[in-house]
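These notes are about the structure you will find just below.
The values are calculated or read from the model by the stated rules, or taken from the named source; none is laboratory data. Everything numeric in this text was worked out from a predicted model, so none of it was measured. Heads up, the Cβs are rebuilt from the backbone with ideal geometry, glycines too, and the neighbour counts pull from every protein chain shown. Just so you know, the surface numbers come from the protein's heavy atoms only, side chains and all, with ligands and any DNA or RNA stripped out. Shrake-Rupley method; radii C 1.70, N 1.55, O 1.52, S 1.80 Å.
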Amino acid sequence: MKIHEKMKVREVAGENIVLMQGPRGTDMSRVVALNSTALLLYQRLLGRDFEMDDAVRVLLDEYEVDEPAARKDVENWVAEMKKNGLIIE
Amino acid sequence: MTERLLSIGGLGMALSGGDTLRRAFMIEGMEVFLCQKPTPRDFEVRLDSAVGLPQFRQLYDFDFVDGLYRCRFGVDGEGVYYYDFGNAGWLRYDLREPDVVEISPVADLSVLRFVLWTAYAMAGLRRGAVPIHSSVVVCDGRAVMCLGESGTGKSTHTRLWCEHVEGSSLLNDDSPILRFGEDGIRVYGSPWSGKTPCFCTESYPVAGLLRLEQRPANSIRRLGVVEAFTALQPSCPPSMAREERLLDVLVAFISKIIEHVPVYRMGCLPDAGAARLSHDTIIG
């Protein structure tokens, strides 16, 4: 899988946000704020193909956390990103 | 070719042209914004330009002047922006010449009014001045900008302030200019005031932004960063969200605003209690 190359993180008033433009013809857009874990995964994994294990390794390298907890965080992150079309296979 | 200098949103907007320039001053309220004293020109709007309308990649289209016309917005191969106002005219804006906006001849006054608004929006953005769809009330020398979709009751809410909150007055009822400038964040009256002619050249510091929704009871809450962003962004010129470079500048602008100005969301009835609640919360 990989992070969609169009995904762009912008800093707004101290938060790291992602804007997702709504469908053509509407003015709706979704805004998501990335927490520090989501931001780290984005920064380390953008621009390359990766597997779940690669993402888990990013968290294990950075944080004092055990493998099951890191895996759970990654699974949640991937699910959320896929739901928003930000991770593609 | 003649030239006239307007002061809008604290920026000197120089209009030049022939017939279309004359028509611009037939628009109600436009003359109010003519510079009374020497003012530096910040950008130029060249009306009756001979510039052509090439093919361009469409990014967005919408109706304007109450659905009478359809406008197409997009970019050409070099990244130059175009607005095609149907048979009524077009606008060209090139970021390589950021202080110039070119406009074809425009005969219809309603169209011209909208075209000039668009020209201001394009050139003003990178100078930190953005027209915001809102109704603005001023009290104790501070402004509150009421945001919300058309028909939600922004004008009703500001009218209720004027009726029930002493010392209140209307600054603009449709599209004031919000500006992040050397003297902080201020909101200015503009020639674009919708159905309520309120042509005011004054400006005031912004006490708060208030996004309104119709609800069966009055309640108000302060918003965090993400919600504040989503409260303000839909009230900014829609084409700015459709193209990457414009969006980058717009997001930086919104970021500055919400860092310094509180943003609230309010569910409300069209009654005096709503005006008093928002006044007491925002102005105090």
key: Residues located in region B:242-275, provided they are closer than 11 Å to B:Ser219 by Cα and surrounded by fewer than 21 Cβ atoms within 10 Å (Cβ to Cβ)   = B:Arg265, B:Gly267, B:Leu269, B:Gly273
key: Subset of region B:232-260 (residues that are within 16 Å of the chain's Cα centre (by Cα) and more than 8 Å from chain A (Cβ to nearest Cβ))   = B:Leu232, B:Ser235, B:Cys236, B:Pro237, B:Ser239, B:Met240, B:Leu246, B:Val249, B:Leu250, B:Phe253, B:Ile257
message = As an exercise: evaluate B:Met266 against (1) within 15 Å of B:Cys146 (Cα to Cα); (2) away from chain A (no Cβ under 14 Å); (3) in a helix (DSSP H, G or I) and give the number of the one condition it does not meet.
response = (3)
query = Taking only pairs six or more apart or across chains, which ones have beta-carbon atoms under 8 Å, a first residue in region B:195-220 that is within 17 Å of B:Leu232 (Cα to Cα), and a second residue that is of a type in the set (Phe, Trp, Tyr) and at pLDDT 95 or above?
reply = B:Gly208/B:Tyr264; B:Leu209/B:Tyr264; B:Leu210/B:Tyr264; B:Arg211/B:Tyr264; B:Ile220/B:Tyr264
ask   = For region B:221-241, what are the residues that are free of Cβ contacts under 8 Å to residues at least 60 places away in the same chain, open to solvent by 20 Å² or more (accessible area, probe 1.4 Å) and either not polar (S, T, N, Q) or not in a helix (DSSP H, G or I) (or both)?
value = B:Arg221, B:Arg222, B:Gly224, B:Val225, B:Val226, B:Glu227
query = Which of (1) surrounded by 13 or more Cβ atoms within 10 Å (Cβ to Cβ); (2) more than 20 Å from A:Lys8 (Cα to Cα); (3) out of contact with any Asp or Glu (no Cβ under 7 Å at 6 or more places or on another chain) is the odd one out, the single condition A:Glu51 does not satisfy?
reply = (1)
request  = Look through region A:65-89, keep the residues that are assigned to a helix (DSSP H, G or I) and exposed (fewer than 12 other Cβ atoms within 10 Å of the Cβ), and return whichever of them is modelled with the lowest pLDDT.
outcome  = A:Lys83
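If I ask for residues that are open to solvent by 20 Å² or more (accessible area, probe 1.4 Å) and not basic (Lys, Arg), which ones from region B:95-113 would you list?
B:Leu95, B:Glu97, B:Pro98, B:Asp99, B:Glu102, B:Pro105, B:Ala107, B:Asp108, B:Leu109, B:Ser110, listed by residue number.
State whether one or more residues within region B:64-81 are in a loop (DSSP other than H, G, I, E, B), in contact (Cβ under 8 Å) with a residue 60 or more places away in the chain and buried (at least 24 other Cβ atoms within 10 Å of the Cβ). Steps first, please.
Pass one, region B:64-81, residues in a loop (DSSP other than H, G, I, E, B): B:65-68, B:76-80.
From what's left, in contact (Cβ under 8 Å) with a residue 60 or more places away in the chain: B:79.
Next, only the ones that are buried (at least 24 other Cβ atoms within 10 Å of the Cβ) stay: none.
There is no residue in region B:64-81 that is in a loop (DSSP other than H, G, I, E, B), in contact (Cβ under 8 Å) with a residue 60 or more places away in the chain and buried (at least 24 other Cβ atoms within 10 Å of the Cβ).
Does region B:152-167 hold any residues that are surrounded by 15 or more Cβ atoms within 10 Å (Cβ to Cβ), out of contact with any Ser or Thr (no Cβ under 8 Å at 6 or more places or on another chain) and at negative phi, and which are they?
Step one: list which residues in region B:152-167 are surrounded by 15 or more Cβ atoms within 10 Å (Cβ to Cβ), which gives B:152-162, B:164-165.
Restricting the remaining residues to those that are out of contact with any Ser or Thr (no Cβ under 8 Å at 6 or more places or on another chain) gives B:152-153, B:156, B:159-160, B:164-165.
Once the filter is applied, which keeps residues that are surrounded by 15 or more Cβ atoms within 10 Å (Cβ to Cβ), out of contact with any Ser or Thr (no Cβ under 8 Å at 6 or more places or on another chain) and at negative phi, region B:152-167 yields B:Thr152, B:Thr156, B:Arg159, B:Leu160, B:His164, B:Val165.
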remark   = For region B:269-284, pairs from a residue that is more than 16 Å from B:Lys154 (Cβ to Cβ) to a residue that is surrounded by 14 or more Cβ atoms within 10 Å (Cβ to Cβ) and of a type in the set (S, T, N, Q), with Cβ under 8 Å and 6 or more apart or across chains, are B:Gly273/B:Asn218
inquiry  = Restricting to region B:1-26, give me the number of residues that are under 21 Å from B:Cys200 (Cβ atoms) and either touching a strand residue (DSSP E or B) at 6+ places or on another chain (Cβ under 9 Å) or open to solvent by less than 40 Å² (accessible area, probe 1.4 Å) (or both).
reply    = 13
task = Filter region B:9-58 down to residues that are assigned to a loop (DSSP other than H, G, I, E, B), farther than 22 Å from B:Ile177 by Cβ and of a type outside the set (A, V, I, L, M, F, W, C), then give me how many there are.
result = 6
